[in-house]
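Colleague: Please read through the structure below; I'll follow up with questions.
The values are calculated or read from the model by the stated rules, or taken from the named source; none is laboratory data. This one's a predicted model, so the numbers in the text were calculated from it and none came from an experiment. Positions of Cβ are backbone-derived with ideal geometry, glycine not excepted, and every protein chain shown enters the neighbour counts. These area figures cover heavy atoms from the full protein model, side chains too; ligands, DNA and RNA do not enter into them. Shrake-Rupley method; radii C 1.70, N 1.55, O 1.52, S 1.80 Å.
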Amino acid sequence: MMKNIGDPIARVDGRLKVTGAALYSAEIPMLKPAYAVLVTSTIASGRITALDDEKARHASGVIAVFSYKNAPHLNRPKFMPAGQSTPILQSADIYYGGQPIAVVLAESLESATHAASLVAVSYSALAPAIDMFAHLDSAFVPAKRQTGEDPSSKRGNALDGLTHADVKLRLMYTTPVEHHNPMEPHAATAVWEGDQLTVYDATQGVTNSAHSLSQILGVPAANVRVVSRFLGGGFGCKGMSWPHVAIAAMAAREIKRPVKLALTRPQMFSGNGHRPTTRQSIDIGASRNGKLTAISHIVDSHTSALDDFTEASGSPTEFLYSCSNVEVLHRLVRLNTGTPTFTRAPGFASGSFALESAMDEMACKLDIDPVEFRLRNFAARDEQENLPWSSNSLRECYAAAAARFGWQRRSSRLGSHRDGRLLVGYGMASATYPAHFQAASAKATFYANGKVLVQCGTQDIGTGTYTVMAQTAANVLGVGVEQVRFELGDTRLPAAPGSGGSTTAASAGSAVFNTVQVLRDRLIHMAATDSRSPLYATDEKLIIIRDGRLMVDGHAAGSETLVELLARQALPNVTVDSSTGPGIEQGYPEMQKPGDTPGERPKSRHSYKVFGAHFCEVRVDPDLGEVRVARMVSAFAGGRILNARTARSQLQGGMIWGIGMALMEETRIDRQRGFFSNANLADYLLPVNADIPAVEALLVEEVDPYVNPIGSKGLGEIGIVGAAAAVANAVYNATGKRIRDLPITPDKII
Ligand code: MOS
C-alpha cells in the first residue's frame, strides 16, 4: 500500500524482533565459536604485580588465556574514534576499575566464565582519585569540547550584566554519574578468513568501529568489515569502540576460530563510558520586568586518567535565550574512572537541568509565570553564532504543550495545591538540541520483479531507521512500502555517519531521499524516451509514479507499470547512487562528502537546532518525601516527521529517561575501592512501567527548507533535554523545596 512520509506505520522489523528472528551481534551463528570472557581489574589505580593464569589454562574447555604477559602487540587506541586510549592488554598498568586485564577463551560461555574466575592477580594499588568534589582544585581547562568547540565562550560581559541586574542569583547544581544500560550489552562476534576480518559488533557506527579495529590491530581498513544489523539500544555507549572489540578480534586471529564476546551487566558499568559527574555554577541576572541581563555557566565534569572527555553542559546556555552577556566555561577533573562518553543528549541533558532550573528560580523570584519569563527572553536568532535560525518553533511548542497540559491551572503559591495528603506541583522547562546533518550516501535499485532495494551503511539503534527509510523510499518512488527492502549496518554499504547526535534521520534520510529521487527520475526518463512506451515524448516533469505505475496525473489511460518498462527493455534492474552532505542545500560550491573531516564543513548560513517544551505534574508525599510524576506533556518541532509513531516513541523514551534522571538514576561510587558500586540493574534504579504515568509527546508542525535535503531534524535526544528540570521545578512548586542535586530522592525532600 502507498504510505506517506510521516504516516505512523508499525516497525517493518517489529515482527523479526518480537519473534526472536532478529539476530544481534552475539547471536550470529558461527561454526565452532570460542566464547570469550574478560578478566577485569579489581583496583582502580596502580600496577599488576603478578598474574597467574595456570589454573585457568588447565580448566576444562579452555582454549587460551591472553593477558599483558602473552598478548600480541596491539596499537594503543586513539581516543577518537577508539573510545578510550587505554593500552589493551599491553602492560601491567591500571588506570581505572574494571579495566580488562585478561581474556579467557573456552568452548562454552560457562567454561570461560569459570576459568576467568581462576585467574589470580596481585596488585600494587595506589589510592584512586574517584570523587570529583574532593579534587576540584585540580580542575583544568581542556583543549576543546567533545564536539570540537572551544571549552569556553563569551559574548558581552557577564560581570557587567550581573552588576546592572535588578535581581541576580548565584546557584550551584550537580548531576551524578549515569550509565546508559542498553538492554543489549556490548557484544562482538569476530571471524577471520585469511587476512580479512569481519566483526559483528553492537555498535552505533560501523565505519567508526572498522577504523578503530584497523588502527588497533594494524591492518588495512579495507581488510576490516563491520556489521551491525540490529542493536538493542545504544544511547551513546555504543558510539565509540571500546577495548573488548579489539580483544575479540585479536583472540580470533590468535586461536584461528570465530570468537564471541559479550560484556556482563557489571562490566557494562566500568570501562565502556558513562555520563560524568557535573558541578554547574550559574550566575543569572535579570531586570525587574523579566529580561535576562547575564548568564555565567561554569561546568566542572570529570574525565579519566587517559583522555579528556568534556560533558559540554554549557552548550544550551549559549543560544537558547536572548541575552547580551553570556559566558560559558568547561573544566575537567581527572579521576581513575574509565573515560566518560556521550550519553543521550550529551551536555544538553545535564546542562539543561541547571539552566532550566535557574530560569525557574529567576521566574519565581521575579514572580513572573515561567512560560511568560521564557517568552520575554525568546531568542529571535542564534545570538551565539550570530545566524538566523533555519527554523525555531519554541513558542509554538510552549503554546501546544501548555494548552494540552492545562498550565493555566498552575498556582504560583508554593504548596497550596493538594490532593488529599499529597502536594501537587506543576513545572515546565524548555528543550533544545542541535539538528546535526552529516554527509551520507545511498544506493537504490529497482528490480524487474517490482522490488526495490535501498542500501545505506547507517544503523538502526532501535530508533526505527529500517522503517522510516523504507517508508521514505517507497513514498518518493511511488511504490508500496512492502515492495522496499532497506539494508543497513555494514561497512560494505554506501558510507553514512555513525548514529549519534540524533543525526541518522537527517543524514541517512537525506541520502535515501535524494537517491530515490534520482532513481525515480531515471525511470521516468527511460519511459519518456522509449518509443514503445505509452508515455513516449511526454514532458518528464508531468510524469508521476503511483503504486508502481508511471502516468500523467489524472490520465490513467496512457500509463504503464515500472515492471512493464523494465521487461520491455529486458533490463534485470536499474541502479543509482548518490551522496549528500552539509552545504548542498545552501548553494555552496563544495559539498561535504562521506569521509571528510567534520572540521572542513562549509560555514552555515543558518543555525540548525531542534526545540521543544516539557510540562510536568508531580505528587509529593510530604511525610515520606516520595515524588511521583503524575503526568507529563511535552511538545517538539522536528521539521518533517518521517514517521509519527517512531518519532513519538523516541521522544517518550527521552522523557522517561528524564524522569529517571530527575528521581532515580545515580551511579554510586565506592570511594575506598574506586569502583562504581551499584553496577547492576537491581541497585541502579530506573523507572519501570509503574513509575511512568501518561507521557505525551506532541509533534508541532514545522517546515524547514534549509536544515538538510529531507527537511528533518533528529528527535532521538531532545526528549530528555529539560525533562529533569521540569520535574524539579514541579517539585519546587509543590513543596517550596528547590533540589539542585540530582536525583531528587526522598531524603532531600524531607
Ligand atoms: Mo548519542 S549520546 O550521540 O548516541
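Colleague: Where in the chain are the DSSP H helices whose alpha-carbon span along the long axis reaches 27 Å or more and whose Kyte-Doolittle mean is at least -1.0?
Modeller: Membrane-span-like by this criterion, though nothing is claimed about a membrane: 504-528, 644-663.
Colleague: Roughly how far apart, in whole Å, are the Cα centres of the stretch 30-75 and the stretch 444-475?
Modeller: Spelled out, the Cα-based centre of one part sits 42 Å from the other.
Colleague: What pairs from K260/K713; K78/K144; K78/K443; K144/K238; K154/K238 go past 27 Å between their alpha carbons?
Modeller: K260/K713; K78/K443; K154/K238
Colleague: Express the carbon and sulfur contribution to the solvent-accessible surface of the chain as a percent, rounded to the nearest whole number, probe 1.4 angstrom.
Modeller: C and S fraction of accessible area: 52 percent.
Colleague: While we're looking at this one, here's another question. Would you work out the Kirkwood radius for the stretch 321-372? I mean one over the mean of 1/r across all pairs of different Cα atoms, in Å.
Modeller: Averaging 1/r across every pair of different Cα atoms and inverting gives 13.9 Å.
Colleague: For the chain, give the magnitude of the charge dipole about the Cα centre (Cβ charges: +1 Lys/Arg, -1 Asp/Glu; no others), in debye to the nearest 20.
Modeller: About 280 debye.
Colleague: While we're looking at this one, here's another question. Work through the residues other than D300 whose Cβ is under 12 Å from its Cβ and net out their charges, Lys, Arg +1 and Asp, Glu -1.
Modeller: Counting the neighbours of D300, the net charge comes to +1.
Colleague: I need the P(r) histogram for the stretch 437-580: all alpha carbon pairs, bin width 10 Å from 0 out to the longest distance, whole percents.
Modeller: Cα pair-distance distribution for the stretch 437-580, in percent: 13, 42, 28, 14, 3.
Colleague: Moving on to the next point. Viscosity 1.567 mPa s, temperature 4 °C: give me the Stokes-Einstein translational D for the stretch 509-570 in µm²/s, with Rh taken as the Kirkwood radius over C-alpha pairs.
Modeller: 110 µm²/s
Colleague: Using a 7 Å offset from Cα along Cα-Cβ at E149, what residues in the stretch 65-105 end up with backbone N under 11 Å from the label point?
Modeller: From the stretch 65-105, the list is empty.
Colleague: So for the stretch 624-748, what are the equivalent ellipsoid semi-axes in whole Å, largest first, each being the square root of 5 times an eigenvalue of the Cα gyration tensor?
Modeller: Equivalent-ellipsoid dimensions as semi-axes: 31, 18, 13 Å.
Colleague: Run lengths n ≥ 4 of DSSP H only: what is the helix-derived mean residue ellipticity at 222 nm for the chain, with -39500 (n - 2.57) per run over all residues, to the nearest 500?
Modeller: After summing the helix terms and dividing by residue count, I get -7000 deg cm²/dmol.
Colleague: Now for a different question. At what distance in angstrom do the alpha carbon centres of the stretch 168-208 and the stretch 240-263 lie from each other?
Modeller: Value for the Cα centre distance between the two parts: 15 Å.
Colleague: With a ≥ b ≥ c taken as the square roots of the eigenvalues of the C-alpha gyration tensor of the stretch 677-750, please select rounded if a/c is under 1.5 and otherwise prolate if a/b is larger than b/c or oblate if it is not?
Modeller: prolate
Colleague: Please sort 14-27, 66-79 by packing, taking for each peptide the average over its residues of neighbouring beta carbons within 10 angstrom, highest first.
Modeller: 66-79, 14-27
Colleague: Rounded to the nearest 0.05, what FRET efficiency is calculated for L169 and R492 with R0 set to 56 Å and r the Cβ-Cβ distance?
Modeller: Approximately 0.50, to the nearest 0.05.
Colleague: Next question. Under 16 Å Cα to Cα from K256, which aspartates and glutamates show up? Leave out anything in the same chain fewer than 8 places away.
Modeller: Reachable aspartates and glutamates: E107, E193, D195.
Colleague: Each label point is 7 Å from the Cα along the Cα-to-Cβ direction; what then is the distance between the points at T113 and A537, in nm?
Modeller: With each label point 7 Å from Cα toward Cβ, the separation is 7.6 nm.
Colleague: With the Cα gyration tensor of the stretch 477-548 giving a ≥ b ≥ c as the square roots of its eigenvalues, does the rule (a/c under 1.5 for rounded; else a/b larger than b/c for prolate; else oblate) give rounded, prolate or oblate?
Modeller: prolate
Colleague: Quote to one decimal, in nm, the extra length available between A21 and T529 on full extension: 0.36 nm per residue of separation minus the C-alpha distance between them.
Modeller: Additional length available on full extension: 178.4 nm.
Colleague: Report P(r) for the stretch 81-213: all Cα-Cα distances, bin width 10 Å, range 0 to the bin holding the largest distance, values in whole percent.
Modeller: Reading upward from the zero bin: 7, 20, 32, 20, 12, 6, 3, 0.
Colleague: Hey, what's the stretch 472-586 come to in accessible area per residue, 1.4 Å probe, Å²?
Modeller: 41 Å²
Colleague: Dividing the alpha-carbon Rg of the stretch 323-452 by 2.2 N^0.38 Å yields what?
Modeller: 1.54
Colleague: For the peptides 154-160, 698-704, 389-395, what is the packing order when you average, over each peptide's residues, the other Cβ atoms within 10 Å and list the highest mean first?
Modeller: Per-residue Cβ counts within 10 Å, averaged per peptide and sorted highest first, yield 389-395, 698-704, 154-160.
Colleague: Now, a different point. Give the peptides 679-688, 712-721 in descending order of average Cβ contacts within 10 Å, highest first.
Modeller: Top of the packing list down: 712-721, 679-688.
Colleague: Extension gain E372-R421, at 0.36 nm per residue separation less the Cα-Cα distance, in nm?
Modeller: My answer for the length gained is 14.6 nm.
Colleague: Next question, about the same structure. Determine the shape class of the stretch 452-516: with a ≥ b ≥ c the square roots of the Cα gyration tensor eigenvalues, call it rounded for a/c under 1.5, and otherwise prolate if a/b is greater than b/c, oblate otherwise.
Modeller: Since a/c reaches 1.5 and a/b is larger than b/c, the shape of the stretch 452-516 is classed as prolate.
Colleague: Another question about this same structure. Divide, for the chain, the radius of gyration over alpha carbons by 2.2 N^0.38 Å, where N is the residue count.
Modeller: 1.00
Colleague: In nanometres, what is the gap between the two model label sites at T575 and A222, each 7 Å from Cα along Cα-to-Cβ?
Modeller: About 1.9 nm separates the two model spin labels.
Colleague: Separate question: Taking only protein heavy atoms into account and a 1.4 Å probe, give the accessible area per residue of the stretch 84-221 in Å².
Modeller: Per residue, the stretch 84-221 has an accessible area of 40 Å².
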